Amino acid sequence: MTHRERFIKTLKCEPIGGQVPTFELVFFLTMEAFGKVHPSHRFYEQWNQMSQNERNLHMNEMAQLYIDTARKYGHSAIFIHPNPADIESTIWLLELIREKSGDEFFIMKHGDPTWSIPDGDTMMEFSIQMFEEPEKLNDETKRRMERSLEQARIIDERGHLLDGFALCADYCFNTNPFYSPEAFDELVVPFLKETIAEYRKMGYYTIKHTDGNIMPILKQMADCKPDAFHSLDPQGGVSIPEVRKIIGNDIALIGNVNCGLLQTGTEEECRADVLRSLREGMAAGRGYVFSTSNCAYTGLPLSRYEMMNDLWRQYGNYDRYDELLALNA
């Protein structure tokens, strides 16, 4: 199977045997790994000043860097950051990645119209509006959803460029969700459910991302029927066995390696956590993608990420699951 085929079978929660898929929502460590700035870097804000030749060079470099990262670390999927973010530049980037890699990788982009936790500058205003004018927030969500779906249709009309969407709206702090279950039902659930259903009609898969303690709203999110959840944040008290108890084995799970430990823990703590995540994620025998509980972010030592990647290569194999269990005996 190709990486893409293995990833899709995993999203369908079908048994695959062999190596567990892996990917990172974002791999920011490209300067240390390849000597190149990450494609999302602000340097590309100079796009409008560039000659067409410069644009060609930059776009080709961005496409190749996504592919090089996936190949070096065995990633089955690529999540793009269109830069610039207009639809034609996005399509250009997708076309280049497909041209250079064919169907080797599952390719996705952001496509979540629902409300993330507001930032500090707008949190008070947003919180008041949640209670006093929820209909206005819902009207805006509808407009955002229509724009997201229209972009998906435009990309779909240009051929097989994209496999799915990562729905990257964060709903939770480490202690609890920003939304009460009632507010979540009113302000998020209807739009999340419709967005996922409409993407599915177009043939796209969906991965719902949110950090933090998702447990109080997990069942509500599961009822929206995404293909997978990411990031299963242990710093928010999220464990794979507990998630499985609530949602069963028919939604794929992605993540759960503790980013905080990778950055600040000892080598022994990091190794133990990586093996724990593999052991718990692989227990169902299907529907699991190995990754960090957030992303490979700036400041995370590359050596720690590569240690994690090496352990995945050694023990992240369904055919050798007994060896992994024996390490914990």
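The values are calculated or read from the model by the stated rules, or taken from the named source; none is laboratory data. If you're wondering where the values come from, they're calculated on a predicted model, not measured in any experiment. Methodologically, a virtual Cβ is constructed for each residue, glycine included, from the backbone with ideal geometry; neighbour enumeration extends over all protein chains shown. These area figures cover heavy atoms from the full protein model, side chains too; ligands, DNA and RNA do not enter into them. Shrake-Rupley method; radii C 1.70, N 1.55, O 1.52, S 1.80 Å.
Of the accessible area of the range 1-83, with the probe set at 1.4 angstrom, what percent is carbon plus sulfur?
Answer for the range 1-83 is 47 percent, counting heavy atoms of protein chains only.
Assigning unit charges at the beta carbon (Lys, Arg +1; Asp, Glu -1) and nothing else, what dipole magnitude in debye, to the nearest 20, does the chain show about its Cα centre?
My answer is approximately 940 debye.
Can you give the accessible area of residue 142 in Å² (nearest 10), computed on protein heavy atoms with a 1.4 Å probe?
100 Å²
Hey, which of these cross-link pairs are over 18 Å Cα-Cα: 9/225; 36/208; 72/208; 12/208; 12/201?
In this structure, 36/208; 72/208 exceed 18 Å between Cα atoms.
State in Å² the accessible area per residue of the range 241-303; use a 1.4 Å probe, count heavy atoms of protein chains only, and round to the nearest integer.
Heavy-atom SASA per residue in the range 241-303 reads 36 Å².
At R0 = 22 Å, how high is the FRET efficiency between residue 31 and residue 327 if r is their beta carbon distance? Nearest 0.05 is fine.
0.05
Hey, what's the range 1-120 come to in accessible area per residue, 1.4 Å probe, Å²?
Value returned for the range 1-120: 42 Å² of accessible area per residue.
At 1.4 Å probe size, with the rest of the protein present, what percent of the exposed accessible area of the range 198-318 is carbon and sulfur atoms?
49 percent
Could you tell me the distance between the Cα centroids of the range 255-316 and the range 142-163, to the nearest Å?
The range 255-316 and the range 142-163 have Cα centres spaced 33 Å from each other.
Where is the GNM fluctuation largest for the chain (alpha-carbon springs, 10 angstrom cutoff): 57, 275, 137?
Of 57, 275, 137, the most mobile in the Gaussian network model is 57.
Within the range 256-270, which residues have the backbone N less than 20 Å from the label spot 7 Å out from residue 298 along Cα→beta-carbon, could you tell me?
259-260, 262-264
Among (i) 19.6, 61; (ii) 24.2, 75; (iii) 21.7, 72, find the value of Rg and Dmax of the Cα atoms in Å that was calculated from the structure presented, and write down its label.
(i)
Long-range amide H contacts for residue 107: which residues qualify at under 5 Å (H placed 1.01 Å from N, peptide plane, sequence gap of 5 or more or a different chain)?
When sequence neighbours closer than 5 places are left aside, the close amide H contacts are 78, 163, 164.
Put +1 on the Cβ of each Lys and Arg and -1 on the Cβ of each Asp and Glu in the chain; which of 302, 145, 126 then has its Cα farthest toward the positive end of the dipole?
302
Counting DSSP beta bridges with both partners in the chain, what percentage is antiparallel, nearest 5?
10 percent
Skip the ligands, DNA and RNA, and give the accessible area per residue of the range 124-206 with a 1.4 Å probe, whole Å².
Roughly 51 Å² per residue, with all protein chains present.
Taking 7 Å along the Cα-to-C-beta vector as the label spot, tell me the residue 88-residue 263 distance in nanometres, rounded to one decimal.
Computed distance between label sites residue 88 and residue 263 equals 3.9 nm.
For the chain, which DSSP H helices look membrane-span-like by this rule: Cα extent along the axis of 15 Å or more and mean Kyte-Doolittle of at least 0.0?
87-101
Of the options 180, 209, 94, report the single residue whose Cα projects farthest towards the positive end of the charge dipole of the chain (beta-carbon charges: Lys, Arg +1; Asp, Glu -1).
The listed residue farthest towards the positive side: 94.
Helix-derived [θ] at 222 nm for the chain: sum -39500 (n - 2.57) over DSSP H runs of at least 4, divide by residue count, nearest 500?
-15000 deg cm²/dmol
Rounded to the nearest Å, what's the spacing between the alpha carbon centres of the range 61-104 and the range 1-53? Just the number, please.
Taking the Cα centre of each part, the range 61-104 and the range 1-53 sit 7 Å apart.
For the chain, set up a Gaussian network in which alpha carbons nearer than 10 Å are linked by springs, and say which option among 120, 236, 299 fluctuates the most.
Among 120, 236, 299, the largest mean-square fluctuation in the Gaussian network model of the chain belongs to 120.
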